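Encoded as structure tokens, the structure appears first; notes follow it.
The values are calculated or read from the model by the stated rules, or taken from the named source; none is laboratory data. Please read all numbers here as calculations on a predicted model, not as lab measurements. As a convention, Cβ positions derive from the backbone with ideal geometry for all residues, glycine included, and neighbour counts pool all protein chains shown. These area figures cover heavy atoms from the full protein model, side chains too; ligands, DNA and RNA do not enter into them. Shrake-Rupley method; radii C 1.70, N 1.55, O 1.52, S 1.80 Å.
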Amino acid sequence: MNKVIISPSILSADFANLEREVRAVEKAGAKWIHIDVMDGHFVPNITVGVPVVKSLRKVTNLVLDTHLMIENPEKFIRPFVQAGSDLLTFHYEACADRAGNIIDLIKAEGIKAGLSIKPKTDPREILPFINKLDLVLIMTVEPGFGGQEFMHECAMKIPVIRENAGNELIIQVDGGINNLTAKICTSLGANSLVAGSYIFNHDNYDTAIQSLY
Ligand code: DX5
Ligand code: ZN
């Protein structure tokens, strides 16, 4: 059994055929689906929101791994939970002064809570929160767009988090993941990989996903 959780990011999927795309990665073995929510403020891009989570919830039982790249994430916890998100990951940089409270709010809804850091953020800043988190998401590109190149120096944050966490913590990496960078991340202690362009630009999703383990 593979212990690494692969979470295909639909940002690089065919948005005109999302149901088909989700079913295809499910058939290829994915257990999670990564949904990138961008607000045009926290990051310089706009993507999808609550209605898309709600629509996907109707067509799949996969874990809806929701990555909030938005300001004021606390305003959207309840709507995303009601839409069907199983995990809400928000950015430390969007609300550093109240990150602990937001984790508590997400957990109170009965779903998993994740905290993400951008490339320039020191991983030691989030160590006070790791005991109450289900997941830490380490960005290995500047959030906002798919298809960027993996920032190797960011991968060195993985052991800093793992050394201070139990084995139950999911350490997820997002940005520039392919068959080579995936191995770097898992060998450093990551156990979840987000991959967008690598999977969805591949002509065989099964081969692409298998190559990440
Ligand atoms: C970027 C998003 C990623 C993105 C990754 O801000 O958070 O999830 O889809 O895309 P790739 O895998 O193409 O780098
Ligand atoms: Zn993401």
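Just a few scattered comments:
- Any hit, segment 164-176, residues being among the β-branched types (Val, Ile, Thr), under 28 Å from Val22 (Cα atoms) and within 7 Å of ligand 1 (Cβ to nearest atom): no
- Within segment 1-86, helices (runs of 4 or more DSSP H) holding 1 or more residues that are within 16 Å of ligand 2 (Cβ to nearest atom) and closer than 18 Å to Leu115 by Cα: 77-83
- Some residue of segment 14-28 being among the β-branched types (Val, Ile, Thr), within 16 Å of ligand 1 (Cβ to nearest atom) and open to solvent by less than 40 Å² (accessible area, probe 1.4 Å): yes
- Listed by first and then second residue, the pairs linking a residue in segment 20-44 that is on the phi > 0 side of the Ramachandran plot to a residue that is open to solvent by 40 Å² or more (accessible area, probe 1.4 Å), with Cβ atoms under 6 Å apart and 6 or more places separating them unless they lie on different chains, are Gly40/Ile46.
- Only a single criterion out of (1) within 16 Å of ligand 1 (Cβ to nearest atom); (2) under 15 Å from the mean Cα position of the chain (by Cα); (3) closer than 23 Å to Ala99 by Cβ is not satisfied by Phe145, namely (3).
- Residue count, segment 120-145 (criterion: out of contact with any strand residue (DSSP E or B) (no Cβ under 6 Å at 6 or more places or on another chain), within 19 Å of Ser192 (Cβ to Cβ) and within 16 Å of ligand 2 (Cβ to nearest atom)): 2
- Residue in segment 190-199 that is more than 9 Å from ligand 1 (Cβ to nearest atom) and free of Cβ contacts under 8 Å to residues at least 12 places away in the same chain present: no
- Under the condition of being in a strand (DSSP E or B) and open to solvent by less than 20 Å² (accessible area, probe 1.4 Å), the residues counted in segment 97-123 number 5.
- Checked against (1) away from ligand 2 (no atom under 14 Å from the Cβ); (2) open to solvent by less than 20 Å² (accessible area, probe 1.4 Å), Ser187 meets all criteria but (2).
- Among the residues making up segment 155-172, those that are open to solvent by 40 Å² or more (accessible area, probe 1.4 Å) and polar (S, T, N, Q) are Asn164, Asn167.
- Of all residues in segment 30-54, those that are within 20 Å of Ser192 (Cα to Cα) and open to solvent by less than 30 Å² (accessible area, probe 1.4 Å) total 7.
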